[in-house]
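Colleague: Dumping the structure here so I can ask a few things about it.
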Amino acid sequence: MSAKNEKKFNVVYGEAVGAVAAHSFGEPSTQMVLRTFHSAGIASSVVTGLPRILELVDARKKQQSPLMTIRLDKSYAKNYEKAKQVKAQFEEVLVKSLLENFTEDLKNVTMVLEFDKEKLAQSDLTLKFISGKLQAKFENIDAEQEGHSLKIKYKSKKEMKSARTMFVNMRNFAVKGLQGIKKATVQQDDDGEFYIITSGSNMAGALDIEGVDKEHLYSNDMFDVLKVYGIEAARNMIANELKKTMDEENVSVGFRHIGLLADAMTYGGSIKSAGRHGIAGNKASVFARASYEETVKHFVNASVFGERDPLKGVSENILIGKQINVGTGRIKLAIKKEDLKKVDAEK
Amino acid sequence: MHINADKGRVRKPYILMENGKSKFTPELREKLKTREIDFNYLVRRGIIEYLDAEEEENVEVAIDEAHINKSTTHMEVDPAIMFGLTVNSSVYPEFNNAGRHPVAWNFMKQSQGLYSTNFNDRYDARSYILFYPQLPLIDSITYRTLGLERHPQGQNMVVALSTYYGYNMKDAVVFNKAAVDRGLGRSAFFRSYADEEMRYPGGQQDHFTLPPPTAEGYRGEHVYSRLGEDGIIEPEMDVKEGDALVGKISPPRFLEEQTSFGIGEEKVRDNSVELRSGEQGTVDRVMLSETIGATRIAKVRIRSIKIPEIGDKFASRQSQKGVISMIVNQEDMPYTKDGIVPDMLLNPIGLPNRMTYGHMLEMLGAKAGSLKGKKFDGTPFSNNGAALVDEFGSILKEYGFDEFGDEEFYDGRTGRKFKGKIFTGVVYYQRLWHMVSLKLQVRSRGPVQILTRQPTEGKPRKGGLKFGEMEREALIGYGASLLLKERMLDQSDKASVWICRDCGDIGYYDYIKNVAVCPLCGGSSLEEVEISYAFKLLIDELKSMHILPRVRMKSD
């Protein structure tokens, strides 16, 4: 490697960056376990500390506290009333939250939704609006208004199962606001600008709302980020969230180690967890996979598919007793001393 | 109304009050002293009452006469009984950090002393006897009640709170060589070995005897040279590791094949008891007896003298432990203007963090006591701290010492006087049974496990220290590939295996025909390869579950 490149990366050829990152990550994490469970009394709805780190590293689809931080456009940011209006568009209002009662008649594939008058008034909604929304979202339905009730009939085939799932989905439908956003609050920063924090993440929906600063939209849900902004953004989000959580616990880990982990989780174009279903489970070597978890499964599958293990990795080489391909073992002799003499003689 | 009269609930005695005064009058106290009355008399007369934890909630207890007020209903018999054995076992515990008391108690458990006066007749598996145990200069009511006066477990040592050229960093202590030579902390270690003449089904039996050289597993004449005619070692014999203590022959492990010559000479196997590895000593006592099942048993007790050496552990009754890091010649130790050389140098940094003020108070008190020839009482709450310091100070002054226990010291190595004064006193130190001579272990070569061919683990098996997964990861991270290979292969389970070039299965070398053979394909084109034996085992195991791994080789 040239001196120029070496300076650029600041890592020596053959350096076991992964192992070093794991060490740098693992050692302070053990201290975190001790501390997080001792900070009793601080009731916080946001998951932090080791549980959060595990959530990120395991790439959980359903994380415990998804959050969005929404900055507002300049014309909205200084005005509290306007900010509140934007906020109102976020909070989801589910159909079931407005109901007083409902009855399903699966034989005739109809459902009667009895709405609560006061709740409708509170949310500033009319039955007409709701029936319009429902008809726009769900196909093949008829909505008939009767007093404070809405009679819904499934027009297509009299299939009970699909009707039932649709009725359930219908009750969980957000007539107002964004799907998945349970709560939104307006906050003020040190500069006096208002911004919104939501519990729940729906970036695609947030981008459609007027007044949202589209360049400063932030979510801590990696799959939402992946869906809307792509894998690079998700990688940065994972790394930043890890760093943030570590900083909150006063644990300092070099960012390159965290970045490496985020890279390893995302370089394939999708988010992979660090466990046996992700990075570790997708290793090339049979022996490396078998020496981690589910030994028998990997050996049996390898035998069924006639897998070959080229012995390129670290773990398998230690197992059979070969010099590993890392560090000093990375450098191979290009030409023997005797052969060099021959070359010199030819010259 | 809540009546709780559970069997076994814990209760504690209190003195009752009458008209704002203790019912336990000075007259009764006098009578009790002269043994005219006893404790039960007081309980029967309603002077002392037993309360349980729930009753305690509704009474007001005065700690002593001075604290009695209008609402007081009961008085403590003695403030010290509010603590259990743990706290009461140390002296001046009320001056120490509460968290240190369990630690101090733990150290007391581990102390070597005079655990039993009939130790000479006992065959304990392990026992330790201090050569010159002393009574502490500071003791307590509990100490005397427990009968510890008859079972002392330490010695009063002259301790200076001083560093010594960095040799007593952290909890290390420096000892005076002359004091050790005079017998300070010297003790005897006894270990008993037992063996029995077992009977086996089929009428076979073990025999205590000198094993014949024909016995299976005979270890050579020198091993049995100290055994007597009966096969049991003679008393006062010096023995070293591996020496047989009880010669015993047992019938063979497996049933013998019948030889064509009929029943020949019965084969026997050597099953003697040998001295533990790494130990040595003198045979102290031998006992021969019989079990209930009428089989003979032999017990041999080995004695070895343990002189304090670098690495041995000591602790005071105030949870201050330390390991000897250096034994310094007396002439190199610091000495006072009176020519007193301390037995022990303790680093003062051990004190502030642990907040064991009792340790310093003991130093001062025992120093005053040793000058005056008097023992002091360290029962919890029996003294006032400031008054104690004054009392000890006046005694020290009386004998021409600094009233705070500080001494002027001269460096034994340079002869120069130290700038500051050094706090010096006497502390009751216990020698704990963690001694290097029983723990030291080294290995360069040695036994391996049969199954994995990896080195054994543990001291009795002459094992190595495990180079575990975390250590392995550390070497990977450092990139030391050859060191890693040495640890994982060369110094562990390196094995030479013949592998077939054609089918990739493991073969063997036929030394009779002088050719390598592959049992799978029958070929003879094999290559000798060095792999870890664990890998060979893995291949075998995979084969046993119908998976055939084939090894393909590439020449360098």
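Values quoted throughout were computed directly from the atomic coordinates according to the rules given, and no laboratory measurement underlies them. Everything numeric in this text was worked out from a predicted model, so none of it was measured. Note: ideal-geometry Cβ built from the backbone for every residue, glycine included; neighbour counts use all protein chains shown.
Colleague: Kirkwood hydrodynamic radius for the protein assembly as shown: how many Å is it when counted over pairs of different Cα atoms?
Modeller: Values: mean 1/r = 0.0263 Å⁻¹.
About 38.1 Å for the protein assembly as shown.
Colleague: How large is the helix-only mean residue ellipticity at 222 nm for the protein assembly as shown, computed as the sum of -39500 (n - 2.57) over DSSP H runs with n ≥ 4, divided by its residue count, in deg cm²/dmol to the nearest 500?
Modeller: Details: 31 runs with 266 residues, N = 903.
Calculated mean residue ellipticity at 222 nm is -8000 deg cm²/dmol.
Colleague: When the Cα atoms of the stretch B:87-146 are enclosed in a convex hull and the volume is divided per residue, what value in Å³ results?
Modeller: 98
Colleague: Angle between the Cα long axis of helix B:533-544 and the longest principal axis of chain B, 0 to 90 degrees, nearest 10?
Modeller: 70
Colleague: A further question follows. Tell me which lysines have Cα within less than 17 Å of B:Lys70's Cα, excluding those fewer than 8 residues away on the same chain?
Modeller: Qualifying lysines at Cα under 17 Å: B:Lys21, B:Lys23.
Colleague: Radius of gyration and Dmax for the stretch B:439-481's Cα atoms, expressed in Å?
Modeller: In Å, with Rg to one decimal and Dmax whole: 12.6, 34.
Colleague: Could I ask something else about it? ³J(HN,Hα) across the stretch B:372-379 via Karplus (A = 6.51, B = -1.76, C = 1.60, θ = phi - 60°), whole Hz, x for Gly/Pro?
Modeller: Once θ is set to phi - 60°, the couplings for the stretch B:372-379 become 8, x, 9, 9, 10, 9, x, 4 Hz.
Colleague: Grab the beta carbon distance between B:Ala125 and B:Tyr50, set R0 = 45 Å, and tell me the FRET efficiency rounded to 0.05. List each step's numbers first, then the result.
Modeller: On the way: r = 41 Å, r/R0 = 0.90.
Computed FRET efficiency for B:Ala125 and B:Tyr50 comes out at 0.65.
Colleague: If you count, for every residue in A:300-306, the Cβ atoms of partner chains within 10 Å of its Cβ, what is the mean? All intermediate terms of the calculation are to be shown ahead of the outcome.
Modeller: Details: counts 4, 0, 3, 6, 1, 0, 1.
Average neighbour count from other chains, rounded to a whole number: 2.
Colleague: Name all residues of the stretch A:90-125 having a backbone nitrogen under 14 Å from the label point set 7 Å from the Cα of A:Met160 along its Cα→Cβ direction, giving them as ranges.
Modeller: Counting only backbone N, you get A:104-110.
Colleague: For the stretch B:1-74, with equal point scatterers placed on the C-alpha atoms only and solvent neglected, what are the log10 I(q)/I(0) values from the Debye formula at q = 0.15 1/Å, to two decimals?
Modeller: -0.58
Colleague: Here's something else I'd like to know. When B:Thr291, B:Thr424 are ordered from fewest to most other Cβ atoms inside 10 Å of their Cβ, what list results? Write down the numbers at each step before the final one.
Modeller: Details: B:Thr291 10, B:Thr424 25.
So the residues, fewest neighbours to most, are B:Thr291, B:Thr424.
Colleague: Under 9 Å from the Cβ of B:Ile327, count the other residues' Cβ atoms, weight Lys and Arg +1, Asp and Glu -1, and hand me the total. Numbers along the way, then the final one.
Modeller: Working: positive: B:Lys177; negative: B:Glu309.
Net charge around B:Ile327: 0.
Colleague: At 0.36 nm per residue, minus the direct Cα-Cα distance, what do B:Met470 and B:Met287 gain on full extension? Give it in nm, one decimal, please.
Modeller: On the way: separation 183, 0.36 × 183 = 65.88 nm, distance 4.88 nm.
Gain on extension, B:Met470 to B:Met287, equals 61.0 nm.
Colleague: While we're looking at this one, here's another question. How far apart, in nm, are the 7 Å Cα→Cβ label points at B:Ala387 and A:Val168?
Modeller: Spacing of the two 7 Å Cα→Cβ label points: 8.0 nm.
Colleague: B:Phe131: net charge of surrounding residues, Cβ under 11 Å, Lys/Arg +1, Asp/Glu -1, itself excluded? Mind showing how you got there, number by number?
Modeller: Working: positive: B:Arg182, B:Arg186, B:Lys306, B:Arg431; negative: none.
Spelling it out: positives minus negatives among the neighbours equals +4.
Colleague: Round to the nearest 0.05 the FRET efficiency obtained for B:Arg453 and B:Leu483 when R0 = 30 Å and r is the Cβ-Cβ distance. Working shown, then result.
Modeller: Numbers: r = 21 Å, r/R0 = 0.69.
It comes to 0.90.
Colleague: When we measure straight from the Cα of A:Lys155, which aspartates and glutamates land under 18 angstrom away, once same-chain ones fewer than 8 places off are left out?
Modeller: A:Glu104, A:Asp105, A:Glu139, A:Asp142, A:Glu144
Colleague: Among the trypsin sites (Lys or Arg not before Pro) within the stretch A:269-328, which fall in a DSSP loop and have no more than 13 other Cβ atoms within 10 Å of their own Cβ?
Modeller: A:Arg308, A:Lys312
Colleague: If you don't mind, another one. Sorted from largest down, what three extents in whole angstroms do the Cα atoms of the stretch B:399-556 have along their principal axes?
Modeller: 97, 33, 32
Colleague: Provide a whole-number value for the mean count of partner chain Cβ atoms within 10 Å of the Cβ atoms in peptide B:526-537. Mind showing how you got there, number by number?
Modeller: Details: counts 0, 0, 0, 2, 3, 4, 5, 1, 3, 7, 2, 0.
Mean inter-chain Cβ contacts per residue within 10 Å come to 2.
Colleague: Rounded to the nearest 0.05, what FRET efficiency do B:Ile310 and A:Asp191 give with R0 = 45 Å and r taken as the Cβ-Cβ distance? Could you check?
Modeller: Details: r = 66 Å, r/R0 = 1.47.
Once rounded, the FRET efficiency stands at 0.10.
Colleague: Exposure proxy check: B:His2, A:His148, B:His101 ranked by fewest other beta carbons within 10 Å?
Modeller: On the way: B:His2 5, A:His148 13, B:His101 22.
Exposure proxy ranking, most exposed first: B:His2, A:His148, B:His101.
Colleague: While we're here: Calculate, in whole percent, how much of the Cα-Cα pair population of the stretch B:189-252 lies beyond 19 Å. Don't jump to the answer; show the numbers that get you there.
Modeller: Numbers: 675 of 2016 pairs.
Of the Cα pairs, 33 percent sit more than 19 Å apart.
Colleague: Tell me, B:Ser382, B:Ser481 in order of fewest to most beta-carbon neighbours within 10 Å? Write out the running numbers ahead of the final one.
Modeller: Working: B:Ser382 16, B:Ser481 25.
The fewest-first ordering by Cβ neighbours comes to B:Ser382, B:Ser481.
Colleague: Using only the Cα atoms of chain B, construct the convex hull and provide its projected area averaged over every direction, in square nanometres to one decimal. Spell out each step's value before the answer.
Modeller: Details: hull surface 181.0 nm².
Its Cα hull, projected and averaged over all orientations, spans 45.3 nm².
Colleague: Separate question: State the antiparallel share, in %, of DSSP beta bridges confined to chain B, rounding to the nearest 5. Don't skip to the end; give the middle numbers.
Modeller: On the way: 82 of 97 bridges.
Among the beta bridges of chain B, antiparallel pairing accounts for roughly 85 percent.
Colleague: Could you give the length gained by full extension between A:Glu232 and A:Ser123, i.e. 0.36 nm per residue of separation minus their alpha carbon distance, to one decimal place? Provide the component values of the computation, followed by the final result.
Modeller: Numbers: separation 109, 0.36 × 109 = 39.24 nm, distance 3.89 nm.
Contour length minus Cα-Cα distance gives 35.4 nm.
Colleague: May I have the extent of the alpha carbons of the stretch A:283-330 along their three principal axes, as whole Å values ordered from largest to smallest?
Modeller: Here the spans come out as 35, 19, 17 Å, largest first.
Colleague: I've got another one for you. Within 10 Å of each Cβ in peptide A:324-333, how many partner chain Cβ atoms are there on average? Round it to a whole number, please. Write down the numbers at each step before the final one.
Modeller: Values: counts 9, 1, 8, 10, 7, 7, 2, 1, 1, 1.
Mean inter-chain Cβ contacts per residue within 10 Å come to 5.
Colleague: Considering all projection directions equally, how large on average is the shadow of the alpha-carbon convex hull of the stretch B:126-218, in square nanometres?
Modeller: Working: hull surface 55.4 nm².
Hull-based average projected area comes out at 13.9 nm².
Colleague: Over the alpha-carbon set of the stretch A:93-176, divide Rg by the Kirkwood Rh and report the Rg/Rh ratio to two decimals. Mind dumping the intermediate values first?
Modeller: Working: Rg = 11.9 Å, Rh = 12.7 Å.
Rg/Rh: 0.94.
Colleague: For the stretch B:494-544, take every pair of Cα atoms, bin their distances at 10 Å starting from 0, and report each bin as a whole percent.
Modeller: In whole percents, the pair-distance histogram is 28, 53, 19.
Colleague: Grab the Cα-Cα distance for B:Ser225 and B:His434, subtract it from 0.36 nm times how many residues apart they are, and report the gain in nm with one decimal. Could you put the intermediate results ahead of the total?
Modeller: Values: separation 209, 0.36 × 209 = 75.24 nm, distance 3.21 nm.
So the chain would gain 72.0 nm between B:Ser225 and B:His434.
Colleague: Percentage of Cα-Cα pair distances in chain A greater than 36 Å, rounded to whole percent?
Modeller: Details: 27641 of 60031 pairs.
Value for chain A (Cα pairs over 36 Å): 46 percent.
Colleague: If I model a spin label as a point 7 Å beyond the Cα along the Cα-Cβ vector, how far apart are those points for B:His207 and A:Lys183 in nm?
Modeller: 8.8
Colleague: Still on this structure, I have one more. Which of the residue pairs B:Lys240/B:Lys299; B:Lys299/B:Lys439; B:Lys313/B:Lys374 have a Cα-Cα distance greater than 27 Å in the structure shown?
Modeller: Numbers: B:Lys240/B:Lys299 17 Å; B:Lys299/B:Lys439 24 Å; B:Lys313/B:Lys374 29 Å.
The pairs that break the limit, which is 27 Å between Cα atoms, are B:Lys313/B:Lys374.
Colleague: Taking the Kirkwood radius as the inverse of the mean 1/r across Cα pairs, report the Rg/Rh of the stretch B:285-351. Don't skip to the answer; put the middle values down first.
Modeller: Working: Rg = 21.9 Å, Rh = 16.6 Å.
Expressed as Rg/Rh, it is 1.32.
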